[in-house]
Amino acid sequence: MYRSLFSFSSAERNALRFPAGECFLVLERSGAHWWLATRCSSGETGYIPAAYIEKIPVRSLITYIHIQTYAKGRIKTLCPDMSKKHTHTQTHTHTHTHTHSLSLFLSLSHTHTVAQRRDRAPCEALNSQAPPPPVPDHSPSPDPSKKRSALQPISKQPATEHQSDAEWPLSLPHASLSAPGSPTPSAAVPVTIGAELIELVRKNTGLSYELSRVAVGVVVGHLQSVLPRVTADLEQVLLSLVGSKDLGAALPLGQVCHDEQRLQVIFSDLARHRDDSQQRSWALYEDHALIACYLEELLQILTDADPEVCKKMCRVNEYEAVLSLVSYYQMEHRVSLRLLLLKVFGAMCGLDAALISTLLNSVLTMELARDLQTDTQEHEKMCYSALLMAMIFCRGEQIPLHHYEHLNAAFLQFLLDVIEDGLPSDPTEQLPDLFINLLLAFNLHLRVPESNMVMQTLIKRHNVKILTEKLLLLLNRGEDPVCVFDHAPPAPHSVLKFLQDVFSSRDTSDIFYRSDLMVMIDIAVRQISDLSPGDRMRVEYLSLVLALMRSTDYLEHRHRLSDLQAALQRILGEEEDCGEDQGSSRQMDKLIVQQIHREFPQISRS
């Protein structure tokens, strides 16, 4: 006799649905995950997940199962008085101990699967999906006209399983009648085995998705080397491991990965807490621990789980869960919860460019801009807010017009003031660097230099010594501090784009001293000489040199002129690739060099 630990529901045709506490009689242990069993309450027969049930030791159980078969093989419900006899049965529940990941691998080859349960956060649900039931056997079934009733007593010894002689219905797979010792052909390795193993390792060890994939690959590879008889099967396991890029789609039909279940629970519960906060005018401080627990688990899943699963859950209903979190951030005033939400939004930005676009078009950027200017004493929150805003603007995507109500000249002036003068609440001096990154990222979406609000703010302040020093340092390193993701298509280089905008006008180019300009020319000439033909970055450096010559007095000092002439002449002499398009980087290089020679004939060589 077995009893269910949890409720279970599945879309599989051969699987039984049952609540927690249901009693079963196991008819056949078909595999490690699914057993053929009969419900004691209704007499229904089907497959149940072995991890959802526990054995009930019975001291005295004198009970019989009356199963009456109809013409089409349907099983009659048990007699009502039979269930009454179960009330006189004394049962003792065994307490399951928590097992480590090693016991998981041992249990995979054992027919008696023990339910594995992990201690996680108090907000975690216990329900989980099991692999689908075995594929039905399509061998010819006996003649339905030869129906017979079976009366099989249950053995008093729990370890003995006595199989019924009754004819199974057509909708259920037939039980195997072969002798235990008879040889059976080895079943083909399922294509979902790789995803299943990754799911088991991640769920039971807490390893990230990538580390779980590595762990399974190492174990299977070692088994392949020490067990030559199963090399072919293990090779199929490795192939399925490589092919399971999307864990949610690679799992068997009807099985949902644990991370997807948890994301669904977390998103729905956080939306409920948001609605609760909307209905009440005072802060619900008693829910702080629960909300923090949800947000910490959400952050961990977004960081460690399969990115495809996370993106799939975030996209549900036009990013409804993401926008719900944004509105919750807007109404939540507790700093600790806002910090967790900022980290969650940052993790979402790393998943997909579409998520960045969703956050950009929401009210989040306006809320963050307001926070930066008002909550200047919250140093940690200011750092995370500036970092998140740089992530959101890093794509160079156009922002909605109404966002400029908060992202205006006053906001840019505040950024420049902190960059140059600092804040008393910033002893570590992290904010100037973060605000420079934010300024570079914000400048990416401003395409017209004449109407660039960042350049107009620079003209008003004019003295930006710290900013120019940081820009030269970044240019010398060749770094783009804004490019933190590998989303396609790539955004322009933020430092070079900012400098090109600065040198688009003489009013803004005056923020650099002549010595700074010479250092910048040294860097540009070096990069133009070193970069290969066709490199997109060489186009950017040539554009910078052209803008610098137009807006400064370069023709007066002619710093590194001979080196610059040699580099430009080499570009003009490069052979063209017949397969390249007219707008390729190599063609653009030559067009810029020709433009330099037309506007400044003093530079061209005879």
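Here, each number is a calculation from the coordinates, and none is a lab measurement. Predicted model only: the values in this text are computed from it and were never measured. All Cβ positions, glycine included, derive from the backbone under ideal geometry; neighbour counts span all protein chains shown.
Starting with the highest mean, order 232-238, 222-228 by the number of other Cβ atoms within 10 Å, averaged over the residues of each peptide.
232-238, 222-228
Quick check on the exposure proxy: order 604, 543, 425 from fewest to most C-beta atoms within 10 angstrom.
Ranked by crowding around the Cβ, least crowded first: 425, 604, 543.
Figure the gain on full extension for residue 296 and residue 188 (residue separation times 0.36 nm, minus the Cα-Cα span) and round it to one decimal in nm.
34.8 nm
Once you place label points 7 Å from the Cα toward the Cβ at residue 453 and residue 289, how far apart are they in nm?
In this crude label model, residue 453 to residue 289 measures out at 4.5 nm.
Using a Förster radius of 41 Å, what is the FRET efficiency between residue 20 and residue 222 based on their Cβ-Cβ separation? Nearest 0.05, please.
After rounding, the FRET efficiency stands at 0.55.
Taking only C-alpha pairs under 8 Å that are 6+ residues apart, what is the relative contact order of segment 193-250 in percent?
Once normalised by length, the contact order is 45 percent.
Work out how much length residue 9 to residue 526 would gain on full extension: take 0.36 nm times their residue separation and subtract the Cα-Cα distance, in nm to one decimal.
Additional length available on full extension: 179.5 nm.
If a paramagnetic tag sat 7 Å from the Cα of residue 426 along the Cα-Cβ line, which residues of segment 454-472 would have the backbone N under 14 Å from that point?
Only 465-468, 470 pass the distance filter.
Rg and Dmax in Å for segment 481-601, alpha carbons only: what are they?
Radius of gyration, then largest Cα-Cα span, for segment 481-601: 14.8, 44 Å.
Determine Rg/Rh for segment 193-250; Rg is computed over alpha-carbon atoms and Rh is the Kirkwood hydrodynamic estimate from the same atoms.
Rg/Rh for segment 193-250 comes to 0.98.
Ranked by Cβ crowding within 10 angstrom, fewest neighbours first, how are 550, 538 ordered?
550, 538
By a straight-distance test (C-alpha under 19 Å), which aspartates and glutamates pair with residue 381 as possible cross-link partners, with residues fewer than eight away in the same chain excluded?
Once the sequence-local aspartates and glutamates are set aside, what remains near residue 381 is 296, 332, 367, 371, 417, 426, 429, 433.
If I stretch the segment between residue 570 and residue 315 completely, what's the gain in nm (0.36 nm per residue apart, minus their alpha carbon distance), one decimal?
Contour length minus Cα-Cα distance gives 86.8 nm.
Hey, for a label at residue 602 modelled as a point 7 Å past Cα toward Cβ, could you say which residues of segment 531-570 have their backbone N under 11 Å away?
Residues passing the 11 Å test: 553-559.
For residue 34, list long-range residues whose amide hydrogen, built 1.01 Å from N in the peptide plane, is under 5 Å from its own amide hydrogen.
Excluding prolines and chain starts, which carry no amide H, the hits are 50.
Run the Debye formula on the Cα coordinates of segment 320-398, all scatterers equal and no solvent, and tell me log10 I(q)/I(0) at q = 0.13, 0.14, 0.16, 0.19 1/Å.
Cα-only, vacuum Debye calculation for segment 320-398: -0.34, -0.39, -0.52, -0.74.
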